[in-house]
Amino acid sequence: MTAVQSDASALLGVYARVGPHFVAGEGSELIAEDGTRYLDFVAGIAVNALGYNHPVIRDAVLRALDTGVVHVSNLYRTEPGERLAAELVAHAFGGQAFFCNSGAEANEGAFKFARKWSGKTGIVAFTGSFHGRLFASLAATDRPDYRKPFEPLLAGVQIVPLGDRAATARAVTDATAAVIIEPLQGEGGVRPVEPEFLAFLRALCDERGAALIFDEVQCGLGRTGTLFAYAQAGVTPDMLTLAKPLAGGLPMGAVLLSDPIAAALGPGDHATTFGGGPLVATVALEVLRTIADPEFLSDVRSKGAWLGARLRQLAAAQPRVKAVRGKGLMWGIELGEPAAAVVTAARERRLLVLTAGPNVIRIVPPLTISQDDLNRGVAVLAEVLA
Ligand code: PLP
């Protein structure tokens with residue numbers, strides 16, 4: 001084989017990748033191959049909660065590699081996954097954890113667990129939702145353009161207007177296995193769900209014998225200023241799905257299941273080759289311990305309060321901005337026009353931001369971002385929006 005050049009044309013064209021090759025990172029900055037530094041309000045799409053080159057992740061990876069064992073399989077016991085499961089469920093609602101490799105996989109698993117536990121098949125999701133790109137998670141995702149080319153998807157999934165109690169009460173029947181919702185919607189435009197609506201879902205699921213699944217793949221693990229977003233609503237789900245930041249940028253997803261649901265599952269009911277392996281679990285445990293530290297979370301809350309206030313000021317001064325929504329370090333700026341041009345203009349000024357649907361600019365910086373970097377990024381945004 002002759003020398004092969006780096007060339008995007010050998011990669012399947014399902015991504016519209018832009019910008020330079022990124023080759024390094026430090027703190028809240030990504031560094032391009034020519035040395036240009038970009039302030040990163042994307043964080044690998046809400047994955048790099050501890051930013052780049054964080055010593056906790058670096059040390060955990062090196063320590064895991066020192067064992068010589070990256071993978072063992074779920075045929076045998078390994079210590080890091082068992083320990084991670086115990087700490088995760090202790091922070092949540094008890095029960096047990098299942099580990100997989102992505103957010104979509106976590107939701108697919110949760111749907112299967114709900115079916116096995118309930119003996120029923122129906123799934124109810126909401127407008128604005130995003131739960132993944134596999135056949136069941138995509139069926140529960142309110143993006144007709146993503147779904148259409150791949151239909152038929154999983155049957156028996158209904159998407160109901162978010163917040164509409166009457167429609168939800170009609171949709172959740174005695175044939176419903178699960179109701180799935182993001183307590184703070186991400187891809188759908190950064191939309192917080194009213195705590196009262198989550199409480200309504202809790203009561204409805206209890207009444208109809210359906211499992212309530214909170215998808216905190218994007219909003220969980222400290223992003224909103226508490227370890228889990230649902231804690232702020234005071235409503236506990238039957239299952240919680242996690243992924244993105246869990247293993248510090250290594251691929252990992254998790255489903256946390258309440259005791260009754262866990263009790264309905266046994267050997268052979270579900271599996272994945274890589275799930276919860278020692279490398280990812282070692283890193284995830286350190287990420288979890290770092291984020292769950294009350295001081296860390298309090299810092300996220302205070303930076304988030306500052307950012308929210310600053311973005312609202314910006315919105316008040318800028319007629320292009322229709323709304324500002326969010327919590328913690330997850331914010332959306334809704335424009336009266338497509339947001340893509342702002343994303344490009346920001347990138348040209350060395351600030352990375354992304355969209356959440358066509359008209360919303362999404363900001364999900366590393367949770368470790370410094371106040372100076374936040375100031376700097378918001379100043380660029382103000383400039384670009386003006
Ligand atoms: N659920 C939510 C709320 C998400 O934001 C995402 C991804 O953006 C997913 C699920 C799917 O996760 P993954 O891309 O890891 O499959």
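Worth pointing out:
- Test: residue in the range 2-21 that is of a type in the set (Phe, Trp, Tyr) and either under 21 Å from Val287 (Cβ atoms) or more than 22 Å from the chain's Cα centre (by Cα) (or both): no
- For Glu295, the conditions (1) closer than 20 Å to Ile361 by Cβ; (2) over 21 Å from the mean Cα position of the chain (by Cα); (3) assigned to a helix (DSSP H, G or I) all hold with the exception of (1).
- Checking Leu297, Leu256 one by one, the residue that is hydrophobic (A, V, I, L, M, F, W, C) and either free of Cβ contacts under 8 Å to residues at least 40 places away in the same chain or within 16 Å of the ligand (Cβ to nearest atom) (or both) is Leu256 and no other.
- Filtered residue count, the range 348-367, keeping only those that are farther than 27 Å from Asp299 by Cα and not in a loop (DSSP other than H, G, I, E, B): 1
- Test: residue in the range 190-205 that is surrounded by fewer than 20 Cβ atoms within 10 Å (Cβ to Cβ) and among the small types (Gly, Ala, Ser): yes
- Against the numbered list (1) open to solvent by less than 10 Å² (accessible area, probe 1.4 Å); (2) touching a residue at least 40 places away in the same chain (Cβ under 8 Å); (3) out of contact with any Ser or Thr (no Cβ under 7 Å at 6 or more places or on another chain), Ala210 comes up short only at (3).
- Counting residues in the range 151-160 that are open to solvent by 60 Å² or more (accessible area, probe 1.4 Å), more than 16 Å from the ligand (Cβ to nearest atom), farther than 19 Å from Gly357 by Cα and in contact with a strand residue (DSSP E or B) (Cβ under 8 Å, 6 or more places away or on another chain) gives one or more.
- Any hit, the range 63-81, residues being closer than 30 Å to Asp238 by Cα, open to solvent by less than 70 Å² (accessible area, probe 1.4 Å) and in contact with a strand residue (DSSP E or B) (Cβ under 9 Å, 6 or more places away or on another chain): yes
- Some residue of the range 174-184 being under 16 Å from the mean Cα position of the chain (by Cα) and assigned to a loop (DSSP other than H, G, I, E, B): yes
- Residue satisfying all of: in the range 39-54; away from the ligand (no atom under 16 Å from the Cβ) and open to solvent by 20 Å² or more (accessible area, probe 1.4 Å); nearest to the chain's Cα centre (by Cα) among these: Tyr52
- If you filter the range 202-230 down to residues that are small (Gly, Ala, Ser) and away from the ligand (no atom under 13 Å from the Cβ), you find that the one that is farthest from Leu297 (Cα to Cα) is Gly209.
- Pair list, Cβ < 7 Å and 6+ apart or interchain, from the range 182-197 residues that are within 12 Å of the ligand (Cβ to nearest atom) to residues that are open to solvent by 50 Å² or more (accessible area, probe 1.4 Å) and basic (Lys, Arg): Leu184/Lys327; Gln185/Arg191
- Unique match (being touching a residue at least 60 places away in the same chain (Cβ under 8 Å), within 28 Å of Gly186 (Cα to Cα) and among the small types (Gly, Ala, Ser)) among Gly13, Gly109, Gly25: Gly109
- Of all residues in the range 226-240, one or more are of a type in the set (Phe, Trp, Tyr), buried (at least 21 other Cβ atoms within 10 Å of the Cβ) and assigned by TED's automatic domain parsing to the domain that holds Ala104.
- Per-region count, the range 85-137, residues assigned to a loop (DSSP other than H, G, I, E, B), within 16 Å of the ligand (Cβ to nearest atom), touching a strand residue (DSSP E or B) at 6+ places or on another chain (Cβ under 7 Å) and open to solvent by less than 30 Å² (accessible area, probe 1.4 Å): 3
The values are calculated or read from the model by the stated rules, or taken from the named source; none is laboratory data. Owing to the predicted nature of the structure, the values given are computational and were not obtained by experimental measurement. In this analysis, Cβ positions are derived from the backbone assuming ideal geometry, glycine residues included, and neighbour counts consider all displayed protein chains. These area figures cover heavy atoms from the full protein model, side chains too; ligands, DNA and RNA do not enter into them. Shrake-Rupley method; radii C 1.70, N 1.55, O 1.52, S 1.80 Å.
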